[in-house]
Amino acid sequence: MSITAVYTAVSILADSVSTLPIVTYKRGDTQRGVVANPLLVTDPWPEGTLQDWLVQVVTSLALRGNFFGRIIDRSTDGYPTMIKPVHPDSVMARRLPNGQRAYWMDGQPVPLGDVLHIPNILIPGSFIGLNPVEYMRQSWGLAAAADKYMGQFYA
């Protein structure tokens with residue numbers, strides 16, 4: 001985020017997505033209809049607004065290729081009502097030998113049913129999104145070096 005172009009691009013994406021309207025539909029046998037947004041859609045995490053939560057989702061997707069959330073609360077029907085955003089760097093996701101996914105957050109195993117994982121760009125056979133920072137590190141390193149050089153030049 002210290003590279004101006006990266007910061008600006010992520011900011012534009014996150015701010016734009018976070019201000020889009022969200023409408024909830026209920027599927028019926030023959031048609032769908034608009035219903036009132038559930039608590040998860042109107043207030044997914046009480047430490048901020050829906051817009052703050054969506055900014056965290058898009059920022060994680062843009063910079064790390066994955067968004068991870070921990071389901072903290074559920075309704076009496078078992079539907080999630082609260083999802084805590086988790087920094088992607090503190091999550092380890094692996095496929096076990098039996099083919100099942102497994103997640104650890106802050107070094108602690110988390111039940112699969114308590115994880116919301118949204119990957120960005122996937123390669124075939126993977127469930128973990130490509131990390132743009134890893135794939136673009138050389139280009140971004142050159143951009144950071146150019147910024148530093150130009151700062152020193154003008155100083």
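Cα axis of helix 137-154 to longest principal axis of the chain: angle in degrees, 0 to 90, nearest 10?
50
Taking 0.36 nm per intervening residue step and subtracting the Cα-Cα distance, what contour gain separates residue 75 from residue 155 on full extension?
Result: 23.0 nm gained on full extension.
Keeping every protein chain present and rolling a 1.4 Å probe, give me the accessible area per residue for region 83-153 in Å².
Details: 4910 Å² over 71 residues.
That works out to 69 Å² per residue.
For a quick size check, give me the Cα extents of region 70-155 along its three principal axes, largest first, whole Å.
62, 29, 22
Let me have the 222 nm mean residue ellipticity of the chain computed from DSSP H runs of 4+ only, each contributing -39500 (n - 2.57), with the sum over all residues rounded to the nearest 500.
Using -39500 (n - 2.57) per qualifying helix, the result is -11000 deg cm²/dmol.
Relative contact order for the chain using alpha-carbon pairs under 8 Å, separation at least 6, rounded to a whole percent?
Values: 213 pairs, mean separation 30.1, N = 155.
Dividing the mean separation by the residue count of the chain yields 19 percent.
So how much accessible area does residue 92 have, in Å² to the nearest 10, using a 1.4 Å probe?
Counting only protein heavy atoms, residue 92 exposes about 80 Å² to solvent.
Quick check: at a probe of 1.4 Å, how many percent of the accessible area of region 1-47 sits on carbon and sulfur atoms? Before the final figure, lay out the partial values.
On the way: 2090 of 3680 Å².
For region 1-47, the apolar C and S fraction of the accessible surface comes to 57 percent.
Only residues of region 51-86 count here: report those whose backbone N is under 15 Å from the spot 7 Å along Cα→Cβ of residue 39, or say none.
Inside the label zone: 71-84.
To one decimal place, what Kirkwood hydrodynamic radius in Å is obtained for region 1-63 from all pairs of distinct Cα atoms? Intermediate results must be reported in sequence, preceding the final value.
Working: mean 1/r = 0.0745 Å⁻¹.
Kirkwood hydrodynamic radius for region 1-63: 13.4 Å.
As a test question: what accessible area, to the nearest 10 Å², does residue 15 have when a 1.4 Å probe is rolled over all protein chains in place?
Accessible surface of residue 15 is approximately 80 Å².
With the dipole of the chain worked out from charges on the C-beta (+1 for Lys and Arg, -1 for Asp and Glu) around the Cα centre, which of 83, 122, 98 lies farthest toward the positive end?
The listed residue farthest towards the positive side: 98.
Determine how large the accessible area of residue 126 is when every protein chain is in place; take a 1.4 Å probe and give Å² rounded to the nearest 10.
Accessible area, nearest 10 Å²: 40 Å².
With all pairs of different alpha carbon atoms counted, what Kirkwood hydrodynamic radius in Å does the chain show?
For the chain, inverting the mean 1/r across all distinct Cα pairs yields 18.0 Å.
The values are calculated or read from the model by the stated rules, or taken from the named source; none is laboratory data. Here the structure is a predicted model, which means the values were calculated and not measured. Cβ sites come from the backbone with ideal geometry, for glycine too, and all protein chains shown count toward neighbours. These accessible areas exclude ligands, DNA and RNA; they are computed on the full protein's heavy atoms, side chains included. Shrake-Rupley method; radii C 1.70, N 1.55, O 1.52, S 1.80 Å.
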